[in-house]
1. Determine whether residue 154 is in a strand (DSSP E or B), in contact (Cβ under 8 Å) with a residue 12 or more places away in the chain and touching a helix residue (DSSP H, G or I) at 6+ places or on another chain (Cβ under 6 Å).
2. Which residues, taken from the range 107-148, are loosely packed, with under 13 Cβ neighbours inside 10 Å and not in a strand (DSSP E or B)?
3. Return the residues of the range 134-155 that are farther than 14 Å from residue 97 by Cα and within 14 Å of the chain's Cα centre (by Cα); say none if nothing qualifies.
4. Consider the range 157-183. How many of its residues are assigned to a loop (DSSP other than H, G, I, E, B) and farther than 16 Å from residue 50 by Cα?
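Where a number appears in this text, it was derived from the coordinates with a stated rule and is not lab data. Here the structure is a predicted model, which means the values were calculated and not measured. Neighbour counts are summed over all protein chains in view; Cβ atoms, including those assigned to glycine, are modelled from backbone coordinates with ideal geometry.
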């Protein structure tokens with residue numbers, strides 16, 4: 001799949017910002033190293049739910065995305081500690097991120113805004129957008145799962161007009177994915 005430069009930049013920015021969350025704090029504007037132990041080996045994302053292999057093509061088609069457009073990781077490059085998979089819909093990219101972060105870290109991350117607590121089925125979830133989103137072109141749903149977080153993103157393709165609110169689409173997609181995502 002050919003991914004637009006904007007989409008790759010957005011994916012890199014999201015995962016980069018997530019990896020930086022919780023790494024430490026500042027004292028008088030100077031970084032202080034974090035003292036907590038990571039919840040997962042950053043070099044071994046094994047054990048994480050892999051959206052590329054664990055979400056069926058039939059489910060993806062029912063959601064309106066093309067399984068043939070699957071893109072593993074970030075433009076095909078593995079990012080340690082994360083499993084990432086994206087697909088193309090008619091006017092948007094659907095991306096599922098799985099990593100060892102927490103929903104509290106999402107809230108604290110300055111790269112995200114417009115937080116809203118919601119329910120997807122019986123799950124508590126967090127809806128939010130990236131601060132770099134121009135004209136509300138993206139939307140995320142985050143779930144806390146055992147050992148980390150699952151994030152689902154819908155982002156408008158650079159070359160397309162959004163046909164509906166990305167937050168409506170990501171909620172619909174999260175409902176569809178709810179039964180296959182880890183607890």
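1. yes
2. Residues satisfying the conditions are 108, 110, 121, 122, 134, 135, 146.
3. 138, the sole residue that qualifies.
4. Result for the range 157-183: 9.
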